[in-house]
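Working notes for the structure below.
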Amino acid sequence: AETLEDPALPADALNRERDAQLADLREAAEDPLKTAFRLLRARLFGERDYGLPRLGTEASLAGLTTESLHAHHREFITRGNGVLAVFGDIDPDEVAARCDEAFASLPDGSGHPREPSRTDGRGEVHAHLEKQQAVIAIGFPGATVQSDDVPALELIHDYCANMAGPLFSRLREELGLAYYVSATQFHGVGAGLFAFYIGTSPDQAPLAREELLGQIDLLAREGIPGEALEHSRTSVLAADALENQSNRSMAQTCALNTLFDLGPRHHEEHAARIRALSADDVARVAARYFGEQEPVLASVQPGQATTG
């Protein structure tokens, strides 16, 4: 409570953390996969919200001061803009009373407006790094955190990211094109992202790109085959059950679901939604996200460092 209500934010700590984040930022700029995703998100979302680099820029980090951090804290850290979740072997009434007392000096404030992100970028973006590796990332506008498509996309993600799935089997095992290949997604406020990526040798990059696009097209046209769908369903349900055993995980889940206006018990319906999905349901979602939308394609190739 003291940390949230009255943080000191001393200058020496700010400088230390700034230096550490600058080091992380410079390291990420030399990583082909991180560079590809930075370019992809900037093109897809623009220079705002999810299009901004998570670590900031050297200029934005240099501009941070103790005063600007305090101003940010005053704007966002308020009772009306947060959710407190407590899980464990507790007496709820006692905990509620102690929390009211502990956070009494936190200003009431109000919910900070969460303006939806845009996903209006399309086309290709390229960069060169002095690395002996090529990376191709293909990103589509994904689902929002409140979308009814989230359960189907979870099954699709498991199918595409699994080592027994089509990406790994075709591009790495069968064709030997991939150092690594997988899929990733996030569900955000007003926007989301679903992306496929592959790391390959520079001379194989054209074929890797063609094959990855081919697998995405196949997914958009046919969805997930029956046996593979049941395997992904079992995998997602098992991971869900395991996650729900942790107090930390449950507290975070309920807090975020409440913050996103889904309700604290939203997670309790998740397993039923996963079980209820048919192959046709999943195929329709795959067609809508990967067959009806134009992606952003980001590629990083060896060469003198450039971005374009």
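The values are calculated or read from the model by the stated rules, or taken from the named source; none is laboratory data. From a predicted model like this one, the values you see are computed outputs, not experimental measurements. Virtual Cβ from ideal backbone geometry, glycine too; neighbours counted across all protein chains shown. Protein only, heavy atoms only, side chains kept; ligands, DNA and RNA dropped before computing areas. Shrake-Rupley method; radii C 1.70, N 1.55, O 1.52, S 1.80 Å.
For R233, the criteria (1) within 20 Å of the chain's Cα centre (by Cα); (2) within 30 Å of L177 (Cα to Cα) hold in every case but one, which is (1). Could you tell me whether the range 5-19 includes any residue that is closer than 30 Å to R265 by Cα and not polar (S, T, N, Q)? Within the range 5-19, one or more residues are closer than 30 Å to R265 by Cα and not polar (S, T, N, Q). For L207, indicate whether it is among the aliphatic types (A, V, I, L, M), under 23 Å from V282 (Cα atoms) and in a helix (DSSP H, G or I). No: the conditions fail for L207. Beta carbons closer than 8 Å, at least 6 apart along the sequence or on distinct chains, pair a first residue in the range 61-75 that is within 15 Å of Q21 (Cβ to Cβ) with a second that is open to solvent by 50 Å² or more (accessible area, probe 1.4 Å) for L61/Q21; L69/L9.
The criterion of at least 1 residues that are within 19 Å of the chain's Cα centre (by Cα), at negative phi and of a type in the set (A, V, I, L, M, F, W, C) is met by the following helices (runs of 4 or more DSSP H) wholly inside the range 1-82: 11-29, 32-45. Checked against the criterion of being touching a Leu at 6+ places or on another chain (Cβ under 6 Å), within 30 Å of Q133 (Cα to Cα) and of a type in the set (D, E), the range 22-32 contains one or more residues that satisfy it. A Cβ distance below 8 Å, combined with a sequence gap of six or more or placement on separate chains, defines the contacts here; from the range 197-226, residues that are free of Cβ contacts under 8 Å to residues at least 60 places away in the same chain reach residues that are surrounded by 18 or more Cβ atoms within 10 Å (Cβ to Cβ) and of a type in the set (F, W, Y) in the pairs Q215/F196.
Do we find that Y180 is modelled with pLDDT of 95 or more, among the aromatic types (F, W, Y), surrounded by fewer than 18 Cβ atoms within 10 Å (Cβ to Cβ) and on the phi < 0 side of the Ramachandran plot in this structure? Yes. One residue stands out among those in the range 183-221 that are surrounded by fewer than 18 Cβ atoms within 10 Å (Cβ to Cβ) and of a type in the set (V, I, T): the one that is farthest from D261 (Cα to Cα), which is T184. Being exposed (fewer than 11 other Cβ atoms within 10 Å of the Cβ) and not β-branched (V, I, T) is a property that G88 has. Close Cβ contacts (under 6 Å, 6 or more residues apart or on different chains) running from residues in the range 161-183 that are under 18 Å from G139 (Cβ atoms) to residues that are among the charged types (D, E, K, R) and open to solvent by less than 70 Å² (accessible area, probe 1.4 Å) comprise L171/E211.
A quick yes/no check of all residues on (1) under 23 Å from E210 (Cβ atoms); (2) open to solvent by less than 50 Å² (accessible area, probe 1.4 Å); (3) part of a loop (DSSP other than H, G, I, E, B); (4) out of contact with any helix residue (DSSP H, G or I) (no Cβ under 7 Å at 6 or more places or on another chain):
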| position | (1), (2), (3), (4) |
| --- | --- |
| D120 | no, no, yes, yes |
| V125 | yes, yes, no, no |
| K131 | yes, no, yes, no |
| F140 | yes, yes, no, no |
| A152 | no, yes, no, no |
| H157 | yes, no, no, yes |
| C160 | yes, yes, no, no |
| L167 | yes, yes, no, no |
| R172 | yes, no, no, yes |
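Pairs are defined by a Cβ separation below 7 Å, a sequence spacing of at least 6 or placement on different chains, a first member in the range 122-133 that is touching a residue at least 24 places away in the same chain (Cβ under 8 Å), and a second member that is of a type in the set (D, E) and open to solvent by 40 Å² or more (accessible area, probe 1.4 Å); the pairs so defined are R122/E294; L129/E30.
When each of E58, E2 is tested for being closer than 21 Å to H128 by Cβ and acidic (D, E), the lone residue that passes is E58.
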